[in-house]
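*Asks:* Got a structure here, written out as structure tokens. Questions coming.
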Amino acid sequence: MSNAPSVPHTTSAYRSTSLPGMTPRTRWIALGVLVLAVLLVAVDATVLFLAIPFISESLAPSATQLLWIGDGYSFVLAGLLVSMGSLSDRIGRRRLLLIGTAAFGAASLLAAYAPGAAWLIAARALLGVAGATIMPSTLSLIRNLFPDDRERAKAIGIWGAAATAGAAVGPLLGGLMLEHFWWGSVFLINLPIVLLLLILGRRLLPESRDPQAGAWDLPSVGFSLVGIIGVVYAVKEAAVGAALSLHVLAAAVLGVVGLVWFVRRQLRLPVPLLDVRLFADRRFTAATLSALIALVGLSGVVFFLSQYFQLVRGYSPLQAGLADMPAFAGSVIGGLGAAYLAKRFGHRGTLAAGLLVMGLGLGALGWVHAETLYLLIAVAFLAVGMAEGIVYALATTMVLGAAPQEKAGAAGAVSETAYELGTALGIALVGSVLAAVYRSGLVLPAGLSGPAAAEAENSLGSAVHAAGTLPGTTGEALLASARDAFVHAMNLAALLSGALLVGASVLVSALLRRRRQVAAPVDLPVAEHQLDHAA
């Protein structure tokens, strides 16, 4: 372990304390309840993907609103994870988990029956707030339920597998619901899980608090939210040609100032919400960047490929969900194989190679067109998913291993935040690029103007709807042009995502090149602690 500078005590949702009265059997039953909570959040993160075309047709959102519908949940979730971890220490982890679960169910109902795009965005944001209370509580309860290192490692492995399985099942469940019901039904999937979790959680989960928890610092919570949302909003608007607009510049300045104030406040607080000094360790920084950038590339492309499958290739929602499966299946396989690869090739080599394979796989999608053989897309999906599973599993181990024991809570919170923020940024950044290129490439049929033209320029889903209202020849011409523009935009977005991942591979390799010290043991499923083999 490298010699880290002295830092203040960090409030921890992950501090390990033994819970009296819990037998091995009751601990594993309690873990099953926590798996339900993870499934709830993970399913909701991906279930919406296939509903986007239906939402575009029903609510007619603008291109920017469509992006906020897709990623507003993850942005709020990422912005509040660290803060909610601290809150669970103070009021009780089971208590906050159950409160968040009830709120998740209520927000799901609001989303299912949203009468407009703004309502749906607000409901998704509320789902993010509720989800942020659930994830830290599950990990902190696992830490308390399993004081034995080996048992805890197995429990965390099951927890991670549940998150991946939930993300994979989301599109399938969404596809099944959309085959028979309206788009809002994808949110009603949450309600049976919510009800079961409330009943079983109250009966089977133990309560725990941190007796030394620090104050829940509201200014820090506000600064982090303002910073993340302000910067991302500015990036999204700039990508669609509004970079010099006054409101975009104001959002950018406000976001940067919020993040700067957040960092400065964490450095002064005796018990910070997030110990930013952890980033002084290059291993910690490299691993966090790897998880963040990997999710940026994967989530953005998968989100928009679901529209490609339905609106360009004509797949049903269920077929589109099945078409996404190779990426999720590959992620599970990659996560399970990460330990062997790390032992065989070292952390630096495996991490850099994983990012490189992801970049090449995403770049290959830059040559997809409407008639591309699906088998070729599936192979690219499988390769990208396997590489992402390796990168994320290995990065999580390195994040936790780079931090000393007293800072394990901050390290775990950063790992979760990187995952959620990467997912949201992927949809936002890739989506903004795609929207801008789509608009510039769309050629409207001669004589088409007014509301139909404006609707077609919003998104491919809107163009499909507008084409259905036009006379035969004009509608067909608009539909063909919109599909061509979307595929071209998707190709460019995939190539840029691939280039980002290749650049990340080079950056991570450089960051880890001189780090040849042995990290302190971390008993996790991916547990190889020699950072580098020979470069």
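The rows are residues; the columns are (1) closer than 22 Å to Ala364 by Cβ; (2) in contact (Cβ under 8 Å) with a residue 24 or more places away in the chain; (3) open to solvent by less than 20 Å² (accessible area, probe 1.4 Å).
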site: Leu278; (1), (2), (3): no, yes, yes
site: Arg282; (1), (2), (3): no, yes, no
site: Ala286; (1), (2), (3): no, yes, yes
site: Val296; (1), (2), (3): yes, yes, yes
site: Ser299; (1), (2), (3): yes, yes, yes
site: Ser306; (1), (2), (3): yes, yes, yes
site: Phe309; (1), (2), (3): yes, no, yes
site: Leu318; (1), (2), (3): no, yes, no
site: Asp324; (1), (2), (3): yes, yes, yes
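*Asks:* Sticking with this one: Go through the stretch 408-427 and report how many residues are hydrophobic (A, V, I, L, M, F, W, C) and modelled with pLDDT of 70 or more. Show your work before the answer.
*Replies:* So the first thing to find is which residues in the stretch 408-427 are hydrophobic (A, V, I, L, M, F, W, C), and the list is 408, 410-411, 413-414, 418, 421, 424-425, 427.
Subset that is modelled with pLDDT of 70 or more: 414, 418, 421, 425, 427.
Number of matching residues: 5.
*Asks:* I would also like to ask the following. Given the criteria surrounded by fewer than 20 Cβ atoms within 10 Å (Cβ to Cβ), without any contact (Cβ under 8 Å) to a residue 60 or more places away in the chain and either in contact with a helix residue (DSSP H, G or I) (Cβ under 6 Å, 6 or more places away or on another chain) or not in a helix (DSSP H, G or I) (or both), does Thr350 qualify? Let's see the steps before the verdict.
*Replies:* On the way: surrounded by fewer than 20 Cβ atoms within 10 Å (Cβ to Cβ): no; without any contact (Cβ under 8 Å) to a residue 60 or more places away in the chain: yes; either in contact with a helix residue (DSSP H, G or I) (Cβ under 6 Å, 6 or more places away or on another chain) or not in a helix (DSSP H, G or I) (or both): yes.
Considered against the rule, which asks whether it is surrounded by fewer than 20 Cβ atoms within 10 Å (Cβ to Cβ), without any contact (Cβ under 8 Å) to a residue 60 or more places away in the chain and either in contact with a helix residue (DSSP H, G or I) (Cβ under 6 Å, 6 or more places away or on another chain) or not in a helix (DSSP H, G or I) (or both), Thr350 comes out as no.
*Asks:* Let me ask something else. Exactly one condition in (1) in contact (Cβ under 8 Å) with a residue 12 or more places away in the chain; (2) not in a helix (DSSP H, G or I) is false for Gly314; which is it?
*Replies:* Of (1) in contact (Cβ under 8 Å) with a residue 12 or more places away in the chain; (2) not in a helix (DSSP H, G or I), only one is false for Gly314: (1).
*Asks:* Turning to a different aspect of this structure: Which residue out of Val443, Val437 is modelled with pLDDT of 75 or more, aliphatic (A, V, I, L, M), in contact with an Asp or Glu (Cβ under 9 Å, 6 or more places away or on another chain) and open to solvent by 20 Å² or more (accessible area, probe 1.4 Å)?
*Replies:* Values: Val437 fails: in contact with an Asp or Glu (Cβ under 9 Å, 6 or more places away or on another chain).
Exactly one of Val443, Val437 is modelled with pLDDT of 75 or more, aliphatic (A, V, I, L, M), in contact with an Asp or Glu (Cβ under 9 Å, 6 or more places away or on another chain) and open to solvent by 20 Å² or more (accessible area, probe 1.4 Å), namely Val443.
*Asks:* Could you list, in sequence order, the residues of the stretch 43-90 that are hydroxyl-bearing (Ser, Thr, Tyr) and under 17 Å from the mean Cα position of the chain (by Cα)? First the steps, then the outcome.
*Replies:* In the first step, residues of the stretch 43-90 are kept if they are hydroxyl-bearing (Ser, Thr, Tyr); the result is 46, 56, 58, 62, 64, 73-74, 83, 86, 88.
Scanning the stretch 43-90 gives Thr46, Tyr73, Ser74.
*Asks:* Quick check on my filter: what residues within the stretch 79-112 are among the basic types (Lys, Arg) and open to solvent by less than 50 Å² (accessible area, probe 1.4 Å)? Give the steps one after another, and end with the answer.
*Replies:* Keep residues of the stretch 79-112 that are among the basic types (Lys, Arg), which gives 90, 93-95.
Residue satisfying the conditions is Arg93 alone.
*Asks:* Let me ask you something else. Please tell me if Ala118 is under 25 Å from Ala418 (Cα atoms) and at pLDDT 80 or above. So that I can check it myself, show each step before the final result.
*Replies:* Details: under 25 Å from Ala418 (Cα atoms): no; at pLDDT 80 or above: yes.
For Ala118, the condition - under 25 Å from Ala418 (Cα atoms) and at pLDDT 80 or above - is not met.
*Asks:* Related question: Being in contact with a Leu (Cβ under 7 Å, 6 or more places away or on another chain) and of a type in the set (Asp, Glu) is the filter here; which residues of the stretch 432-481 pass it?
*Replies:* Glu457
*Asks:* A follow-up question, please. Can you run down the residue pairs with Cβ atoms below 7 Å, 6 or more apart or on separate chains, where the first is in the stretch 115-134 and under 17 Å from Ser58 (Cα atoms) and the partner is of a type in the set (S, T, N, Q)?
*Replies:* Pairs that qualify, where the first residue is under 17 Å from Ser58 (Cα atoms) and the partner is of a type in the set (S, T, N, Q), are Ala117/Gln65; Ile121/Gln65.
*Asks:* How many residues, within the stretch 93-140, are of a type in the set (Gly, Ala, Ser) and under 17 Å from Val194 (Cα atoms)? Outline the logic, then answer.
*Replies:* Our first condition is that a residue be of a type in the set (Gly, Ala, Ser); within the stretch 93-140, this holds for 100, 102-103, 105-108, 111-112, 114, 116-118, 122-123, 125, 128, 130-132, 137, 140.
With the extra rule that they be under 17 Å from Val194 (Cα atoms), the set shrinks to 100, 102-103, 105-108, 111-112, 123, 128, 130-132, 137.
Residues meeting the conditions: 15.
*Asks:* Restricting to the stretch 447-481, what's the tally of residues that are at pLDDT 80 or above and of a type in the set (D, E, K, R)?
*Replies:* Count: 1.
*Asks:* With Val502, Val487 as the choices, which residue is at pLDDT 80 or above and open to solvent by less than 40 Å² (accessible area, probe 1.4 Å)? Even if it seems obvious, please write down each step before you answer.
*Replies:* Numbers: Val502 fails: open to solvent by less than 40 Å² (accessible area, probe 1.4 Å).
Step by step, each of Val502, Val487 is checked, and only Val487 is at pLDDT 80 or above and open to solvent by less than 40 Å² (accessible area, probe 1.4 Å).
*Asks:* Follow-up question, since we're still on this one. Would you please name the residue that is nearest to Leu120 (Cα to Cα), looking only at residues in the stretch 202-218 that are assigned to a helix (DSSP H, G or I) and either modelled with pLDDT of 85 or more or over 25 Å from the mean Cα position of the chain (by Cα) (or both)? Give the steps one after another, and end with the answer.
*Replies:* First pass over the stretch 202-218, keeping only residues assigned to a helix (DSSP H, G or I): 202-204, 218.
Narrowing the set further to residues that are either modelled with pLDDT of 85 or more or over 25 Å from the mean Cα position of the chain (by Cα) (or both) leaves 202-204.
Working: Arg202: 30, Arg203: 33, Leu204: 34 Å.
Within the stretch 202-218, the match that is nearest to Leu120 (Cα to Cα) is Arg202.
*Asks:* For the stretch 356-380, name all the residues that are in contact (Cβ under 8 Å) with a residue 60 or more places away in the chain and touching a Gly at 6+ places or on another chain (Cβ under 9 Å).
*Replies:* Met358, Gly359, Leu360, Gly361, Leu362, Gly363, Ala364, Leu365, Gly366 - these are the residues of the stretch 356-380 that are in contact (Cβ under 8 Å) with a residue 60 or more places away in the chain and touching a Gly at 6+ places or on another chain (Cβ under 9 Å).
*Asks:* I'd like to check something: does the stretch 91-113 contain any residue that is of a type in the set (Gly, Ala, Ser) and either within 14 Å of the chain's Cα centre (by Cα) or within 24 Å of Val231 (Cα to Cα) (or both)?
*Replies:* Initial filter on the stretch 91-113 (of a type in the set (Gly, Ala, Ser)): 92, 100, 102-103, 105-108, 111-112.
Then drop every residue that is not either within 14 Å of the chain's Cα centre (by Cα) or within 24 Å of Val231 (Cα to Cα) (or both), which leaves none.
No, the conditions are met nowhere in the stretch 91-113.
*Asks:* Here's a follow-up. Filter the stretch 458-472 down to residues that are in a helix (DSSP H, G or I) and touching a residue at least 24 places away in the same chain (Cβ under 8 Å), then give me how many there are.
*Replies:* Residues of the stretch 458-472 that are in a helix (DSSP H, G or I), as a first pass: 458, 460-468, 472.
Filter again for touching a residue at least 24 places away in the same chain (Cβ under 8 Å), leaving 458, 460-462, 464-465.
Total satisfying the criteria: 6.
The values are calculated or read from the model by the stated rules, or taken from the named source; none is laboratory data. If you're wondering where the values come from, they're calculated on a predicted model, not measured in any experiment. Here Cβ is always computed from backbone atoms with ideal geometry, including for glycine, and neighbour counts include all displayed protein chains. For the accessible areas, the whole protein counts, side chains as well, though only heavy atoms, and no ligand, DNA or RNA atoms are used. Shrake-Rupley method; radii C 1.70, N 1.55, O 1.52, S 1.80 Å.
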